[in-house]
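Take a look at the structure below.
No value in this document is a laboratory result; all are computed from the given coordinates. Since we're looking at a predicted model, the values are computed, not measured. Cβ placement follows ideal geometry from the backbone for every residue including glycine, while neighbour counts extend to all protein chains displayed.
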Amino acid sequence: MAERERTELNTRWAITQAHQEEMERDPSVILIGQDVGAGEGVFGLTRGLFDQFGPTRVLDAPISEEALANMAVGAAINGMRPILEIMFMDFIALTVDALANQAAKTRYLSGGSIGVPMVVRTLAGAGFRIGAHHGQSLESWFTHIPGLKVVHPSNPADTKGLLKAAIRDPDPVLFIETKALLGEKGPPPPPDEVLPLGKASVARAGTDLTIVATGRMVGESLRAAERLAEGGISAEVIDPRTLLPLDTETIVTSVARTGCAVVVHEAPRPSGIGAEIAAVINERCLYELDAPVIRLAGAFSPIPPGPAEDWLFPDAAQIAATARDLVEG
Amino acid sequence: MSSSKTKAPAVAEVTADDAARMLRLMITTRVLEEQLAQAYADGKLTGWIHSSEGHEALGAALLLCFEPGDHLVPHYRSRPEQLAKGMSVREVVAEVFATVDAGSRGRGGETHVSSVEHNVYGMTGVLGANIALSTGVALASKLRGEPQVTLCSFGDGTANRGTFHEALNLAAIWDLPVVFVCENNYFTELSRIVDFIRVENIADRAAGYGMPGYAVDGHDPELLAATLRTAFAAAREGRPSLVEAKMIRRRGHWEGDPQQYRDPEEVATLDDSDPVPSYRRLAIERYGLDAAQVEAWEAAARDEVAAAIAWASERPRISREDATRAVYAEVDNG
């Protein structure tokens, strides 16, 4: 692994390294999931972990998502720091009771005396063209639940630093990876960097408008910003990175300065995280806004298989066109 | 009623002292339910109450099984288990009344009972989540090489949740130190469990997961203790078991349940199978317990429970400010 991290890091290795470093640091960290052990994960995210830590730290689990999520809660209650991998975010539906009712409410229901330091990692988003049950982005189901934290990074360095933070966090964290970005490369983070949860990043600074984007849409928005720059428009791109708690200050500060905002995500528009972000901007920046906040989102439709998938989601060209209309309109 | 797929010892090794402890807990548990039901009927208790009358023998049997440090993952009709685990009448009543003294500090209520001190994790109000959660508690003990057993209890209706099946399988494949106890009290809420299963015993399902299943008379604390001792001993060696305690719910699903689904003839015979007076008779006859002593325990239990209810009735409930705290660790922890 050391050979690979010198000059660049891809997201896949960022995830593996975060596991490895945290499992070395803290013997209470265990990994549970389907095929995460000897098989090293269907996405190859757990390479070497089974060999290094053995079957008592890396547990190959049967297809029993609801029980596994509750099991993680129970293990966390009794002193472990479990990481549960849910292979596709679509299957998170099977764990909702464990996350929303058990993990999220245990601290409250025990008068603050019992914490649930667990991480559920899952892979969201389209890009593999494998249809309706393997490409959804369901983050907003969980950003509505008090007691949970929801993290959704978009580049390798953030993925590593935020996953390490999630594993160390005293509360349950839903950590949403983007399967289309697993091969993305970027600069490696400083050794042992742990990023704070709840802090957005300004992925590109700009002055004419603010684009707030999540997951795969961060990269599309950065490409859109390049196109806009060619036309003389300076776009600031903000990646919230953590969706719950949401870093509203970074967003509000930016929009108050630029006066225009576009919010972009892969999930469908109705009640998506973009609705929350737009509402925060409207509540706090109304008099600084030069135009209504625009949301660009995935189509309100199940995802079809094959190339038809691409029709459903915003891309750099669409983001750039929308931003241009907004600034020049 | 004592049929079982896997044979458990038929005779328990119970001393006169064991019998006295068991009977005393059964008396306290019964008095607690009677007085809680009365408090609810009198309008002194808001929310709801699910009586465990008829379940007393399970708590008594667990008294002989729990070691310090063992874990309990109960359900909403588990006050006998909670008392057996060491929670005081006052602690249990505080949670039923949701006072600031409760484990939840007034954030839980009857169906959300926890005690860090006694390793009781009854936070969930969703039936069946606790079965799967208990496997995680047991997994943590196992991974640390600790000898503690996790006892998970649930009702007959909950044995139809998917979590029951997934959790039993996980416990079996990972050799977890857990004992599952199904309190089959014949009713699943307002319906009969026999209408919802097609096996004679819920314990028979254990075979499908490769673990022993015991169906035993849940009104007999000694038989239950013998079975549970076997199950606890196996659990300490990493072998899980399912124990089905067959009992009869003496009251409604909740207080105020008119129970029109119950056969009046069955209700009329409830006292014939009441586990508390029957063990009272047996303990006096078999172990020579002094009847006057037993009466003194009954009087003491009435006083203890009445004092706890009177105390809880006067204690403050959660403040408006605290009602939305303790959601995250760093924001507020108490």
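Worth pointing out:
- Counting Cβ atoms of other protein chains within 10 Å of each residue's Cβ and taking the mean over peptide A:163-175 gives 1.
- Shape category assigned to the range B:92-158 from the gyration tensor of Cα positions, a/c cut at 1.5: oblate
- Chain B - percent relative contact order, Cα under 8 Å, separation 6 or more: 25
- Treating r as the C-beta distance of B:Y186 and A:F300 and R0 as 35 Å, the FRET efficiency rounds to 0.15.
- Counted charge near B:E166, where neighbours are those whose Cβ lies closer than 10 Å (Asp, Glu -1; Lys, Arg +1): -1
- Percent RCO, i.e. relative contact order, over chain A, from Cα pairs under 8 Å lying at least 6 residues apart: 16
- Likely footprinting exposure, A:S137, B:S278, A:S271, B:S51, fewest C-beta neighbours within 10 Å first: A:S271, B:S278, B:S51, A:S137
- Shape analysis of the range A:9-186 yields a ratio of the Cα radius of gyration to the Kirkwood radius, Rg/Rh, of 0.93.
- In this Cβ point-charge picture (+1 for Lys and Arg, -1 for Asp and Glu), the range B:16-318 has a dipole of about 860 debye about its Cα centre.
- All-pairs alpha carbon distance profile, the protein assembly as shown, 20 Å steps from 0, percent: 18, 44, 27, 9, 1
- The Rg/Rh ratio for the range A:201-328, using Cα coordinates for both the radius of gyration and the Kirkwood hydrodynamic radius, is 0.95.
- Measure of compaction for chain B (Cα Rg per 2.2 N^0.38 Å): 0.96
- Short to long, the 5 Å bins of the Cα pair-distance histogram for the range A:104-179 hold 3, 15, 22, 21, 18, 11, 6, 3, 1, 0 percent of all pairs.
- Which of A:H152, B:H165, B:H75 has the fewest Cβ neighbours within 10 Å, and the rest in rising order: B:H165, B:H75, A:H152
- Contact order normalised by residue count of the range A:201-328, Cα under 8 Å, 6+ apart, percent: 29
- Membrane-span-like helices in chain B, defined purely by DSSP H runs whose alpha carbon atoms cover 30 Å or more axially and whose average Kyte-Doolittle hydropathy reaches 0.0, are B:16-41, B:291-314.
- Filter on A:K149/A:K185; A:K164/B:K142; B:K85/B:K246; A:K105/A:K185 - keep pairs with C-alpha separation over 32 Å: A:K105/A:K185
- Rounded to the nearest 20 debye, the dipole magnitude of chain A is 300 debye, with +1 charges on Lys and Arg beta carbons, -1 on Asp and Glu beta carbons, and the Cα centre as origin.
- Restricting the calculation to Cα atoms, the range B:143-261 yields a radius of gyration followed by a Dmax of 14.9, 50 Å.
- Shielding by partners - mean other protein chain Cβ count within 10 Å, residues of B:172-185: 1
- Residue order, fewest to most beta carbons within 10 Å, for A:D310, A:D60: A:D310, A:D60
- Estimated distance in nm for a label pair at B:E146 and A:D51, the labels positioned 7 Å out from Cα along Cα-to-Cβ: 3.4
- Model label sites at B:V100 and A:E226, defined 7 Å from Cα along the beta-carbon direction, differ in position by 6.0 nm.
- Cα Rg, Dmax, the range B:1-146, angstrom units: 16.2, 49
- Here the range A:253-329 is treated as a sphere whose radius is the Kirkwood value from Cα pairs; by Stokes-Einstein at 4 °C and 1.567 mPa s it diffuses with a coefficient of 97 µm²/s.
- Placing a pseudo-label 7 Å from each Cα along the Cα-to-Cβ vector at A:E24 and B:D272 gives an inter-label distance of 7.2 nm.
- When only the Cβ of Lys, Arg, Asp and Glu is charged (+1, +1, -1, -1), the dipole of the protein assembly as shown relative to its Cα centre reaches about 580 debye.
- Rounded, prolate or oblate (a/c below 1.5 giving rounded, otherwise prolate when a/b exceeds b/c) for the range A:81-209 by Cα gyration tensor: oblate
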